[in-house]
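This report refers to the structure that appears directly beneath it.
A short reminder: the numbers here are calculations on the coordinates, not readings from a lab. All values reported here derive from a predicted model rather than from experimental measurement. Backbone-built Cβ (ideal geometry, glycine too); neighbour counts: all protein chains shown.
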Amino acid sequence: MQSDFSQPQELTSQLQEKAQKVKTQVESKLNKKFHKFLVVKCLKSPDVGIIYKMKVETDDDYLHIIIHEALPDEGSHISLNNIESGKKIEDDL
């Protein structure tokens, strides 16, 4: 995986949809349910597909998640690569 992440991305409904696709995986791994799951910052890096680093606001704190979107010819599926919980809005992504 490359680590040359871009400048923060414009927050779009498409980015929010990508985060929503891994929400249940995040909830399962953290053994927690979230009513609020809102992307507030996103960086991306080209790899074999695209790697997204997202700061997500939840009900009571922030998460940093890393997700991978496969190339279109590989089905464009999205998978969760990493979660960091207990973050604050001011923490570096």
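Site pair LEU93 and ASP61 shows an inter-label distance of 1.9 nm when each label is modelled 7 Å from Cα along Cα→Cβ.
Rounded to the nearest whole Hz, the Karplus-based 3J(HN,Hα) values (6.51 cos²θ - 1.76 cosθ + 1.60, θ = phi - 60°) of segment 77-82 follow the sequence 5, 10, 10, 7, 9, 7, with x at glycine and proline. A convex hull fitted to the Cα coordinates of the chain yields 94 cubic angstrom per residue. When shorter helices are ignored and each DSSP H run of at least 4 residues is given -39500 (n - 2.57), the per-residue value for the chain at 222 nm works out to -6500 deg cm²/dmol. Taking the longest Cα principal axis of the chain as reference, the axis of helix 13-30 is set at about 60 degrees. This ranking places HIS35, HIS64, HIS77 by how few other beta-carbon atoms lie within 10 Å of each, fewest first, which gives HIS35, HIS77, HIS64.
Largest GNM mean-square fluctuation across LYS18, LYS41, LYS32, computed for the chain with C-alpha springs under 10 Å, falls on LYS32.
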